[in-house]
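Have a look at the structure below before the remarks.
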Amino acid sequence: MISGLASLSLEPSLSKAFMASRQGALRYVVFSALMSLLAAVGASANEYSIEAPSPPHKFEPSEESLAGHRVPTWYLNAKLGIFIHWGIYSVPGYAPREAREFRAEEIGAEQKRVNPYAEWYYNTLRIPNSPTSRFHRNAYGAKFDYYDFAQVFNADTALWNPTAWVELFKESGARYVVLTTKHHDGFTLWPSAVQNPHLRADQSHSVRDLVGELTAAARQKGLRMGIYYSGLYDWSFGSGPILADDDVKAALREQGADYPAYADAQLRELISKYRPDILWNDIGYSPEGKALEIAAEFYNLTPDGVINDRWKPFRFHDFVTPEYERPGSASTEKWEECRGLGKSFGLNRIEGPDETISAAALVTLLVDIVAKNGNLLLDVGPEPDGTIPPIQVDRLHQLGAWLKQNGEAIFDTRPWSRATGQTSDGIDLRFTAKGNTLYIILLSRPMGPRVTLINVPGFPHSSATMLGSAKPLTTQVHGRNLEIALPAELPGNYAWIIRLN
């Protein structure tokens, strides 16, 4: 643990992940020195950089070599990605309404039994007297095998249009996509050449090459493509049900000695066949697997690719991945919050407006994440035929409309010298920066014609405007505070942004 990182005031559940990286510690030292220098000369904090290009060398399968990879500029600039949880669990599309939103500190037997994640359907189905087991028995009968959902899924996916997805994601403002190519149930969204020894062919994979078709459609529209893979758990190998985190060792034993080589082969197949830009593993990886070799092969094939942090016990990554959580202040290490629009990642037909994040809260979420040096990986859970629930489509439209007006303050920006602030009348602020421009984001509607920004410096010859409005704003400096006169009518419905040059 690097004691100096404590000054970042991270939430306890995230601090270990941020502090564990030696790369993060180095960035903190560089950041601190640069911040001191910038403060002395009055420069904006966005001029510090953590995106130095990777040295032109071949990566070796060691943690020391992999630590030399640098986060590419495209990922730092992207800010918003779309996560897609889609599989045979989408056929029942169920998780109990009474399940609480996921919290890392609450993982245990009760949260697994009453699980908000519909993609964990098969696990909770096998827990006696769980809401999912009762639902399954009533809807399909006690003898209906989970993997027979594959026949329905394969029939329904014949109707799927990948281009329609990508057009929606592009409209939302997203710059990359991450697809669950294989979740914990072991069903793959491509016809893998690596045969599953425990499932029939008609139970183990999609008939259409869903991974390949989405990859082609995304790249045609200029979006980066990522692949999610469940590297630690594969319930088709006999593991589970998982009741708590300490079941991991038991699950690995049940999966047997053949599983690590199986996972290695499928990951290598995905990398060589689809050339992804993002390698997104989940939960962890078997200690017997070839994770270091796979990561080196990925970087050597795609030098500007990125890898997430969920590879325990291996310790290599470009960014960390809090789930439904984010730090209290800016991190010097790149991070990405992943979360659903509701409580679940996979489709849960029970979820409605009460479980779905509002458009205003979604905009605030993205703003807060970007101000703190993060990306948002926002999940959709489609129907088996690819239909995305209307309420999720609405949220993507709303977010895209806001970004069309205000994306200048989100995309391609860097953190300012601090992430948060307030006005004199208590409106919460977030800050981003780009070049010589500071963006001041008001998270709630001002009640008067002026706002006073506390501890925000004004400079001679600076100009202020509000995004969405062409009229210049007048400013007055009052000591360490800056007063700004607002437009008579504020553009848009939430999160108003002042551009200060």
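The values are calculated or read from the model by the stated rules, or taken from the named source; none is laboratory data. What you are looking at is a predicted structure, and each value in this text was computed from that prediction instead of being measured. Virtual Cβ from ideal backbone geometry, glycine too; neighbours counted across all protein chains shown. Keep in mind that these areas ignore ligands, DNA and RNA; they rest on the heavy atoms of the full protein, side chains included. Shrake-Rupley method; radii C 1.70, N 1.55, O 1.52, S 1.80 Å.
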Of the residues in segment 256-270, those that are of a type outside the set (Asp, Glu) and open to solvent by 10 Å² or more (accessible area, probe 1.4 Å) number 7
Selection from segment 213-254 of residues that are of a type in the set (S, T, N, Q) and either over 24 Å from the mean Cα position of the chain (by Cα) or surrounded by fewer than 18 Cβ atoms within 10 Å (Cβ to Cβ) (or both): 220, 236, 239
Only helices (runs of 4 or more DSSP H) wholly contained in segment 30-139 count here; list those with 1 or more residues that are modelled with pLDDT of 95 or more. 63-66, 73-78, 121-125
Can you pull out the residues in segment 287-302 that are within 23 Å of the chain's Cα centre (by Cα) and not aliphatic (A, V, I, L, M)? 298, 299, 302
Which number in (1) at negative phi; (2) under 22 Å from the mean Cα position of the chain (by Cα) marks the one condition that residue 152 misses? (2)
Screening 283, 278 for residues that are open to solvent by 10 Å² or more (accessible area, probe 1.4 Å) and either more than 15 Å from the chain's Cα centre (by Cα) or in contact (Cβ under 8 Å) with a residue 12 or more places away in the chain (or both) leaves only 283
Strands (runs of 3 or more DSSP E) within segment 355-440 that include 1 or more residues in contact with a Gly (Cβ under 6 Å, 6 or more places away or on another chain) and open to solvent by less than 30 Å² (accessible area, probe 1.4 Å): 374-380, 428-434
Regarding residue 185, is this residue among the acidic types (Asp, Glu), within 29 Å of residue 123 (Cβ to Cβ) and open to solvent by less than 10 Å² (accessible area, probe 1.4 Å)? yes
So is residue 395 among the basic types (Lys, Arg) and more than 30 Å from residue 92 (Cα to Cα) or not? no
If you go through segment 308-321 one residue at a time, do you hit one that is under 23 Å from the mean Cα position of the chain (by Cα), in a loop (DSSP other than H, G, I, E, B), of a type in the set (Asp, Glu) and closer than 28 Å to residue 382 by Cβ? yes
When residue 296 is run through (1) crowded, with 24+ Cβ neighbours inside 10 Å; (2) assigned to a helix (DSSP H, G or I); (3) touching a Pro at 6+ places or on another chain (Cβ under 8 Å), the failure sits at (1)
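Residue by residue, here is whether (1) closer than 30 Å to residue 220 by Cβ; (2) open to solvent by 10 Å² or more (accessible area, probe 1.4 Å) holds:
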site	(1), (2)
121	no, no
134	no, yes
140	no, yes
158	yes, yes
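Conditions (1) part of a loop (DSSP other than H, G, I, E, B); (2) more than 18 Å from residue 379 (Cβ to Cβ); (3) touching a Cys at 6+ places or on another chain (Cβ under 9 Å); (4) of a type outside the set (Asp, Glu), marked per residue:
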{"residue": "166", "(1), (2), (3), (4)": "no, no, no, yes"}
{"residue": "181", "(1), (2), (3), (4)": "no, no, no, yes"}
{"residue": "184", "(1), (2), (3), (4)": "yes, no, no, yes"}
{"residue": "190", "(1), (2), (3), (4)": "yes, yes, no, yes"}
Flag for residue 174 being in contact (Cβ under 8 Å) with a residue 12 or more places away in the chain, among the aliphatic types (A, V, I, L, M) and open to solvent by 10 Å² or more (accessible area, probe 1.4 Å): no
Over segment 271-316, the set of residues of a type in the set (D, E, K, R) and at positive phi is 275
Would you check which residues across segment 331-354 are open to solvent by 30 Å² or more (accessible area, probe 1.4 Å) and more than 17 Å from residue 124 (Cβ to Cβ) and list them? 353, 354
Would you be able to tell me the number of residues in segment 231-251 that are hydrophobic (A, V, I, L, M, F, W, C) and in contact (Cβ under 8 Å) with a residue 40 or more places away in the chain? 6
So which residues in segment 230-253 are part of a helix (DSSP H, G or I) and at pLDDT below 90? 245, 246, 247, 248, 249, 250, 251, 252, 253
